[in-house]
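A quick write-up on the structure given underneath.
Laboratory data are not the source of any read-out in this text; all were calculated from the coordinates shown. Owing to the predicted nature of the structure, the values given are computational and were not obtained by experimental measurement. Methodologically, a virtual Cβ is constructed for each residue, glycine included, from the backbone with ideal geometry; neighbour enumeration extends over all protein chains shown.
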Amino acid sequence: MTRWEFVLPLDRRTDVPLVRQIAHAIADDIRRGRLRRGDPLPGSRTLAQSLGVQRLTVVAAYDELVAEGWVVTRRARGTFVSSELPDPEPRRVARMRAAASGMPPRAAFDVHAAPAPELPYDVPRGTLLFAPSRPDVRLVPRDLIGRAYRRAIKRGGGALLSYAAPNGHPRLRRALASMLASTRALPATADNVCVTRGSQMAIALLARALTGPGDVVAVERLGYRPAWEAFRLAGATVVGVPVDADGMRIDALARVVERHRVRAVYVTPHHQFPTTVTLSAGRRLELLELARAHRIAIVEDDYDHEFHYDGRPVLPLASEDVHGNVVYVGTLSKVLAPALRMGYVVAPAEIVEHIAAFRSHIDTQGDSVLEYAVAELIEDGEIQRHVRRMRREYRARRDTLVSELTRQLGDHVEFELPAGGIALWVKARKGIDVDAWSRAALKAGAVIVTASAFAIDQRPRPFVRLGFASLNARELAEGVRRLRAALPFR
Ligand SMILES: Cc1ncc(COP(=O)(O)O)c(C=O)c1O
């Protein structure tokens with residue numbers, strides 16, 4: 001194992017000779033247990049170099065330590081801590097060793113606790129996860145990404161490894177802008193795009209830029225909790241608005257706006273999270289008009305835009321926004337891979353500058369090499385080809401889950417066929433306690449997430465969100481079999 005440089009504190013301003021200081025520091029390390037019996041000391045030349053002293057000074061210090069019995073020299077092998085030493089101060093040494101092997105369990109000061117993070121599911125191997133919004137990372141084009149990364153780090157030049165602008169590599173901002181213009185009718189240029197580490201960072205930055213203590217953010221009452229927490233961390237109060245088959249109820253939102261100082265509305269209009277419904281055309285217009293009239297920012301989270309199977313995808317609200325109320329948030333987590341942490345904000349250039357400034361204070365910048373690599377994959381059409389492949393695959397998985405649910409659980413559940421997305425919103429028939437079902441399912445080897453996890457009031461409702469993207473056809477069939485076996489009845 002390579003040894004770390006040996007660090008000894010030397011003070012050149014005192015009268016204590018360097019030889020004495022070196023010998024003393026090493027003896028002290030032995031006494032404290034940092035150097036143990038039999039440990040080798042560095043060669044005199046190496047230590048002299050790292051301390052910036054003459055080699056003879058180190059040799060003299062070692063001689064002194066030998067004379068005092070701390071160390072021994074073995075011809076042609078070097079200098080070692082003596083194995084004959086008595087345990088100098090056993091309790092103290094033991095304490096030092098304990099300290100060296102772990103941090104104190106508690107801090108001696110107060111801390112602002114963050115809400116508990118949404119951790120990845122910690123489940124036994126073989127458990128089938130109907131994860132609410134996960135892609136199948138087994139299908140990620142790893143070779144393609146790996147090759148693009150290698151090319152970027154080689155061809156992009158040294159500049160890619162240096163400090164860079166906080167809004168993302170210009171090549172990626174251009175590539176995203178042109179992709180969004182052609183596939184989502186967003187009239188964006190590179191100046192309207194800020195690359196972030198996933199949409200979670202985008203939402204957290206927006207929360208800071210748009211809201212603060214005393215402000216209210218309206219959200220879907222059944223919705224995406226990590227976004228709510230980001231707004232709460234910025235000091236805002238989150239108020240839930242009901243959702244029905246047409247998405248967020250804008251009449252209810254209007255009442256919230258009358259009562260509170262609403263600065264922002266966070267919505268998932270395309271495939272509402274978690275209920276999968278699409279915000280209807282009428283409500284989109286009402287929402288845009290309400291936002292315009294009250295100078296409210298609409299944060300549009302379009303986390304799975306690419307996965308629309310029946311008919312054309314509904315265009316983002318941002319594509320209809322002529323007044324500058326919508327801030328659009330997108331991600332490559334579902335189409336490519338969550339761990340790449342590639343998200344983006346699309347907004348008027350002025351907002352993008354603010355977001356980038358906030359980002360610079362938290363994260364400095366993104367991974368320029370990865371950003372350059374992904375830009376190249378978009379320019380070459382590779383991401384678009386991958387999206388088409390995944391769309392076909394996930395559509396087939398949706399259909400498999402639908403037919404397995406109908407075949408195996410048809411008497412116990414009901415659901416609408418979603419036109420897109422990566423999950424079904426499934427209602428359990430009367431008599432089924434979904435939370436008990438979820439606990440039993442876990443024992444049977446399947447994870448399902450129930451409505452209470454998505455509800456702002458955390459109250460139980462007879463629904464589960466069954467994500468189908470991360471399981472293949474065989475796993476979906478087996479998963480549903482396990483769910484059937486776990487059905488509880490009141
Ligand atoms: C509704 C919604 N928004 C945002 C995200 C965040 O994705 P990321 O931060 O990986 O881009 C997710 C991921 O599960 C999601 O479901």
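Assorted remarks:
- Cβ-based net charge around Gln408, under 9 Å, with every Lys or Arg adding one and every Asp or Glu removing one: +2
- Taking other Cβ atoms within 10 Å as a rough exposure proxy, Met201, Met103, Met248 sort from fewest to most as Met103, Met201, Met248.
- Viscosity 1.567 mPa s, 4 °C: Kirkwood-radius Stokes-Einstein D of the range 280-411 over Cα pairs, µm²/s: 74
- Cβ-defined net charge surrounding Glu64, 14 Å radius [Lys, Arg +1; Asp, Glu -1]: -2
- Each Lys or Arg adds one and each Asp or Glu subtracts one; over the other residues with Cβ under 15 Å from the Cβ of Leu253, this totals +2.
- Principal axes of the chain: Cα extent on each, largest first, Å: 90, 55, 48
- Extent of the range 405-490 along its three principal axes (Cα atoms, max minus min coordinate, largest first): 34, 28, 22 Å.
- Each of the peptides 140-147, 276-283 was scored by the mean count of other Cβ atoms within 10 Å over its residues; in descending order, highest first, they stand as 276-283, 140-147.
- 0 to 90° range, to nearest 10: angle between helix 382-409 axis and the chain longest Cα axis: 70
- In this structure, the amide hydrogen of Val238, modeled 1.01 Å from its nitrogen in the peptide plane, lies closer than 5 angstrom to those of Val217, counting only residues at least 5 positions away or on a different chain.
- Sorted on the mean count of surrounding Cβ atoms within 10 Å across their residues, most packed first, peptides 354-360, 218-224 read 218-224, 354-360.
- Cα pair count fraction exceeding 32 Å, expressed as % - the range 140-380: 18
- Estimated [θ] at 222 nm from DSSP helical runs (n ≥ 4, -39500 (n - 2.57)) normalised by residues in the chain, nearest 500: -13500 deg cm²/dmol
- Of all DSSP beta bridges confined to the chain, the antiparallel ones make up roughly 60%.
- Hz values of 3J(HN,Hα) by residue in the range 430-435 - Karplus curve (6.51, -1.76, 1.60), Gly and Pro given as x: 3, x, 9, 8, 5, 6
- For Val447, distant residues with modelled amide H under 5 Å away: Leu128, Leu129, Phe130
- Rounded to the nearest Hz, the phi-derived 3J(HN,Hα) couplings of the range 368-375 under the Karplus curve 6.51 cos²θ - 1.76 cosθ + 1.60 (θ = phi - 60°) are 4, 5, 5, 4, 5, 5, 5, 4, where x marks glycine and proline.
- Relative contact order of the chain, defined on C-alpha pairs under 8 angstrom at six or more residues apart (%): 17
- Residue-wise HN-Hα couplings along the range 281-296, as the Karplus relation 6.51 cos²θ - 1.76 cosθ + 1.60 with θ = phi - 60° gives them from phi, are 4, x, 5, 4, 5, 4, 5, 4, 5, 4, 5, 5, 5, 10, 6, 9 Hz; Gly and Pro carry x.
- This model, with +1 at the C-beta of Lys and Arg and -1 at the C-beta of Asp and Glu, gives the chain a dipole about its Cα centre of some 1360 debye.
- Amide hydrogen neighbours beyond the local backbone of Thr278, cut-off 5 Å, H modeled: Gln272
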